[in-house]
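The values are calculated or read from the model by the stated rules, or taken from the named source; none is laboratory data. Treat the numbers as computed from the prediction; the structure is a model and nothing was measured. In this analysis, Cβ positions are derived from the backbone assuming ideal geometry, glycine residues included, and neighbour counts consider all displayed protein chains. Surface areas here come from the heavy atoms of the whole protein model, side chains and all, with no ligands, DNA or RNA. Shrake-Rupley method; radii C 1.70, N 1.55, O 1.52, S 1.80 Å.
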Amino acid sequence: MNFEFIRECRLESDELQAMYDNVLQELERAEHYYWRKPQECGIILRQTTERICRIYNTYYQIGYPGNASLEEFLCYTDENEHNVMVSRFLSVVRKEQRDRLNKLRVLGDDCIWGEEAPDQGMTFEDRMGQNARHMMETMMEVTKDMCEKINKRDDVFDEFFLEEALPETKEEAGKEALAAAEITTSAENTKKSLFARIFHR
């Protein structure tokens, strides 16, 4: 687990602690899908980014509703009242963190669009794998910054995303996927065989 350091963060607010716990659970889920389903991993990381924005919103009492979306936190519109909130949020997270959050939003959107998005000269599998890696690396920096600002942590700077720290290797995930595919193929062949016996008596 790459994000274990978040577990060490304790907050006096039960609400904020629950939000931290949810972020950690989602990051564990994303790691689980990193090799198996990188597209799903990216979608989860995008959702987690939204949860982190809500943590900032609660901690700094910015004033967004509890169900505010990632776009609402980061994107200006033609509504002055909304834009005031965006400016307030961005002044809290500062430029580097804002850029990271936006990167996670953009790459996450690419994962959501999937094969309908431009291929960028890569196969779909390669593109989703690249998205998952870039998003994990960026998420590591986002969570470090969050822990530094909200928890006053000064011991997280040496944390980096490492594929070696994932719960399983690429080879293990590949073997499991292959085994699952073989089981599905076997079940389909059995089904076809059964229908053949029924309709060819």
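Computed quantities for the displayed model
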item: Total charge dipole magnitude, segment 4-167, about the Cα centre, Cβ charges on Lys, Arg, Asp, Glu only, Debye to nearest 20; result: 340 debye
item: Unsatisfied cross-links (Cα-Cα over 21 Å) in the set K95/K144; K37/K144; K37/K170; K103/K144; result: K37/K144
item: Range in the chain, longest, excluding exposed GluC sites (Glu not before Pro) [loop by DSSP; at most 13 other beta-carbon atoms within 10 Å]; result: 80-201
item: Å² of accessible area per residue within the chain, as computed with a 1.4 Å probe and no ligands counted; result: 59 Å²
item: Hydrodynamic radius of segment 47-135 per Kirkwood, over alpha carbon pairs, in Å; result: 14.1 Å
item: Extension gain from S87 to W113, taking 0.36 nm per residue of separation minus the Cα-Cα distance; result: 6.5 nm
item: Extended-chain gain in nm, criterion 0.36 nm per residue less alpha-carbon gap, Y76 and Y60; result: 3.8 nm
item: Relative compactness, the chain, computed as alpha-carbon Rg over 2.2 N^0.38 Å; result: 1.26
item: Evaluated at q = 0.09, 0.21 Å⁻¹: base-10 log I(q)/I(0), Debye formula over Cα of segment 1-110; result: -0.24, -1.21
